[in-house]
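A.B. asks: Below is one structure. I have some questions about it.
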Amino acid sequence: MKKFENLIKYLPLLEDDDIGTWIIDREKDGTPEHPIQMPFVNYSEMVHNFIRDVYDFEDKNKDFELTRYGEILEKNGLEWGSKSMSEADVSTLDSQCVMALIMGAIRAERFCDGALLGFFKDGSIKKWLERLKEIESNNENKESTMLKFICYPKCTTCQKAKKWVDDNKIEYELRDIKEDNPSLEELTAWYKMSGLPLKKFFNTSGLLYKSMELKDKLPTMSEEEQLKLLATDGMLVKRPLAIGKDFVLVGFKESEWKEKFKVVKE
């Protein structure tokens, strides 16, 4: 699931929801026998669900430190107040600050009835959610183009490859092949994109490969069966793997990596 999916889903719901209505006690006369109830906002089910999902996000993403929403706003030149928050230019704010705005709006309701209603009605909540949607989209685009570097940390060849990409200042997403082994769908896609024989994806020098006697078994297996087998255990897969937007590198040969990344040795 995308990080902000549970919040962005409310964008289309905002248009048709009444958000909430003020409840004003017009029946009581204010006497000790009939005290007047203070006005309050009766929020819609959608708003209650939204509040629940915001707190759920806070609970699952402690790194955002949303209990410090006031400090986060201040760090970004904003105040915890309706005017400053509603007029904030969110176009350059990061996701932590946008979430701090949302949390601040929800917390404001505890101190001032109707505060949250105001943020919904003036379009602030919609504006903040749209910014989260934009950030989510930007992150997806970045992830789709960033190199995936898949390795086994204890493998000396992987260590050499990692040092090489670090030395050449190549950005990448690191993944432990043993803890997070490639799925059947991933392996199938990488195999097709690589143009390599499927056997190149097997860690033929690995203990597991040898103990399973795959040298003799693979020739009798179909490609589909081999791919399914690879997906069962990351230790069967040759490493490191470098997965780019339109290429796949299996194993580490410096000359091949230099050519693919167009690295010129000074």
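The values are calculated or read from the model by the stated rules, or taken from the named source; none is laboratory data. Model, not experiment: these values are computed from the prediction. In this analysis, Cβ positions are derived from the backbone assuming ideal geometry, glycine residues included, and neighbour counts consider all displayed protein chains.
A.B. asks: Can you confirm whether region 22-30 contains a residue that is part of a loop (DSSP other than H, G, I, E, B), assigned by TED's automatic domain parsing to the domain that holds Glu130 and of a type in the set (Lys, Arg)?
C.D. replies: So far as region 22-30 goes, yes, one or more of its residues are part of a loop (DSSP other than H, G, I, E, B), assigned by TED's automatic domain parsing to the domain that holds Glu130 and of a type in the set (Lys, Arg).
A.B. asks: Which residues, taken from region 56-86, are part of a helix (DSSP H, G or I) and touching a residue at least 40 places away in the same chain (Cβ under 8 Å)?
C.D. replies: Asp56, Phe57, Glu58
A.B. asks: Follow-up. Kindly indicate whether Lys200 is charged (D, E, K, R), surrounded by 15 or more Cβ atoms within 10 Å (Cβ to Cβ), touching a residue at least 24 places away in the same chain (Cβ under 8 Å) and on the phi < 0 side of the Ramachandran plot.
C.D. replies: No.
A.B. asks: Same structure, new question: Is it the case that Glu143 is on the phi < 0 side of the Ramachandran plot and at pLDDT below 95?
C.D. replies: Criteria met by Glu143.
A.B. asks: Now a separate question. Taking interchain pairs and intrachain pairs at least six residues apart, which have beta carbon atoms under 7 angstrom, with the first residue in region 37-48 and farther than 15 Å from Arg26 by Cβ and the second modelled with pLDDT under 95 and part of a helix (DSSP H, G or I)?
C.D. replies: Here the result reads none, with nothing in region 37-48 linked to a residue that is modelled with pLDDT under 95 and part of a helix (DSSP H, G or I).
A.B. asks: I need every pair where a residue in region 204-215 that is surrounded by 12 or more Cβ atoms within 10 Å (Cβ to Cβ) has its Cβ under 9 Å from the Cβ of a residue that is assigned to a loop (DSSP other than H, G, I, E, B), sequence separation at least 6 or different chains.
C.D. replies: Thr204/Lys238; Gly206/Lys238; Leu208/Asp233; Tyr209/Asn203; Lys210/Thr204; Leu214/Thr204; Leu214/Met221; Lys215/Thr204
A.B. asks: For region 144-165, how many residues meet the condition of being of a type outside the set (A, V, I, L, M) and assigned to a helix (DSSP H, G or I)?
C.D. replies: Applying the first criterion (of a type outside the set (A, V, I, L, M)) to region 144-165 yields 144-145, 148-149, 151-160, 162-164.
In the following step, the residues that additionally are assigned to a helix (DSSP H, G or I) were identified as 144-145, 156-160, 162-164.
Total meeting the criteria: 10.
A.B. asks: What is the number of the single condition among (1) under 18 Å from Asp17 (Cα atoms); (2) surrounded by fewer than 16 Cβ atoms within 10 Å (Cβ to Cβ) that Asp113 does not meet?
C.D. replies: (1)
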